[in-house]
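Notes follow once the structure below has been shown.
The values are calculated or read from the model by the stated rules, or taken from the named source; none is laboratory data. For clarity, every value in this text was computed on a predicted model and none was experimentally measured. Quick reminder, even Gly has a Cβ in these numbers, built from the backbone with ideal geometry, and neighbours come from all protein chains shown. Side chains are part of the model used for accessible areas, which takes the heavy atoms of the whole protein and leaves out ligands, DNA and RNA. Shrake-Rupley method; radii C 1.70, N 1.55, O 1.52, S 1.80 Å.
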Amino acid sequence: MGTDIKYCQNKGKIILLSIGGATAQLNSDAATFSQQVWDLFMEGSSPYRPFDDAIIDGVDLDFEQASQMDIIQFTNNMNQFYKTSSRKYYITAAPQCPYPDANLGKLLQQAHIDMAFIQFYNSGWCDNSKYGLPRWPESMNYYMWDEAWHNGSFANPNIKLYVGAMAGTGAGNPGSYVGPDFFANELKDLQANYPSSFGGAMMWDMSWAYASTPNFATNAKQALMAGSKCGSGTEGSCCEKRSGESLKRRRRRS
């Protein structure tokens, strides 16, 4: 696994350790657990290294139930560890689409999170399948997240918001699923209408995405690249960066 992680990183991929899941609970205290994560997976020291000498790029918090661990303190601790290194590390979160999220809402408001991979699926009224319908009480509600971004509701004013989707009918509630072309058109609209807060796409998960015809991930990336406003000349590096960061592919542990 460590060799594979380094191979992907050499290709410009960001590798995150996803913590949590639909039913997961952590009974550890924030100080102990943050130290363990730093020691086991990043630049700390431990005789037990699950990925050998590979160093991951950060953590993704996906708590869909109330956590017994103080996740705000955990996040603050991780950010302090990050400051001791010259490497670029990330902390991301995967809230569900109702705003504010019941389990991660306070985290986003009180701790520095780099990216939010919002789950616009398995939540009913705010799923991707409701995109294009009138606003409240039933609509895909990215606009609520964007309003919070502009109102300074997040601890990190530069947080980027990613639109999460199921990549196959079996990946969750079938009623939440939208096809690759529907999702691509949705992404292009959101990218154009919310350029400040919009970060890209997330999908659950890659096994479903690559089994899809057309490929769910490739379709989304092509849509995002087509909508990129990067130009020529000095903006070339910006365009290259966006092409690498516009699509975050995630696989979570439950």
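For the chain, adding -39500 (n - 2.57) for each run of n ≥ 4 DSSP H residues and dividing by the number of residues yields -10500 deg cm²/dmol at 222 nm. Once phi is turned into ³J(HN,Hα) by the Karplus curve 6.51 cos²θ - 1.76 cosθ + 1.60 with θ = phi - 60°, what whole-Hz value does each residue of segment 118-132 show in order, with x for glycine and proline? 3J(HN,Hα) across segment 118-132, in whole Hz: 6, 7, 8, 7, 6, 10, x, 5, 9, 5, 4, 5, 9, 5, x. Counting protein heavy atoms only, the chain has 49 percent of its accessible area on carbon and sulfur, 1.4 angstrom probe.
When each of the peptides 46-56, 83-93 is scored by the mean number of other C-beta atoms lying within 10 Å of its residues, the order from highest to lowest reads 83-93, 46-56. Between D60 and L17, S18, I19, T92, the built amide H atoms are under 5 Å apart, and every one of these is 5 or more places off in sequence or on another chain.
Once the Kirkwood radius over Cα pairs is known for segment 93-219, the Stokes-Einstein relation at 25 °C and 0.890 mPa s delivers a diffusion coefficient of 169 µm²/s. Computed over protein heavy atoms with a 1.4 Å probe, the accessible surface of segment 20-166 works out to 43 Å² per residue. Rounded to the nearest Å, what's the spacing between the alpha carbon centres of segment 80-139 and segment 17-59? Just the number, please. Each part's Cα centre sits 21 Å from the other's. The H on the amide N of A111, modeled in the peptide plane, is under 5 Å from the matching H of A155, each at least 5 residues off or on a different chain. Of all aspartates and glutamates in the structure, those lying under 20 Å Cα to Cα from K106, and not within fewer than 8 positions of it along the same chain, are D29, D60, D62, E64, D70, D114, D146, E147.
Cross-linked pairs K130/K160; K11/K160; K88/K221; K13/K130; K83/K221; K83/K188: Cα-Cα separations exceed 29 Å for K13/K130; K83/K221; K83/K188. Give me, ordered by chain and number, the residues 5 or more places off W204 or on other chains with an amide H under 5 Å from its own placed amide H. So W204 has HN proximity to A165, M166, A167. In the neighborhood of S123, defined by Cβ-to-Cβ distances under 15 Å, what is the net charge if each Lys or Arg adds +1 and each Asp or Glu adds -1? Net charge around S123: -4.
Taken about its Cα centre, segment 1-51 carries a charge dipole of about 280 debye when Lys and Arg each add +1 at the Cβ and Asp and Glu each add -1 at the Cβ. Of the residues P100, L16, W149, the one whose Cα sits farthest toward the positive end of the charge dipole of the chain, with +1 on the Cβ of Lys and Arg and -1 on the Cβ of Asp and Glu, is L16. Just one of [x] 28, 22, 19; [y] 36, 20, 17; [z] 33, 20, 17 is semi-axes √(5λ) of the Cα gyration tensor in Å calculated from these coordinates, so which is it? So the structure-derived entry is [x]. For the chain, there are no membrane-span-like helices by this rule, meaning no whole DSSP H stretch whose C-alpha atoms cover at least 24 Å of axis and whose Kyte-Doolittle mean is 1.6 or above; this says nothing about an actual membrane.
Backbone phi angles across segment 166-176, fed through the Karplus curve with coefficients 6.51, -1.76 and 1.60 (θ = phi - 60°), yield HN-Hα couplings of 6, 9, x, 5, x, 7, x, 5, x, x, 8 Hz in residue order; Gly and Pro are listed as x.
Mind ordering 37-43, 22-28, 124-130 by average Cβ neighbours within 10 Å, highest first?
Going from most to least packed, we get 124-130, 37-43, 22-28.
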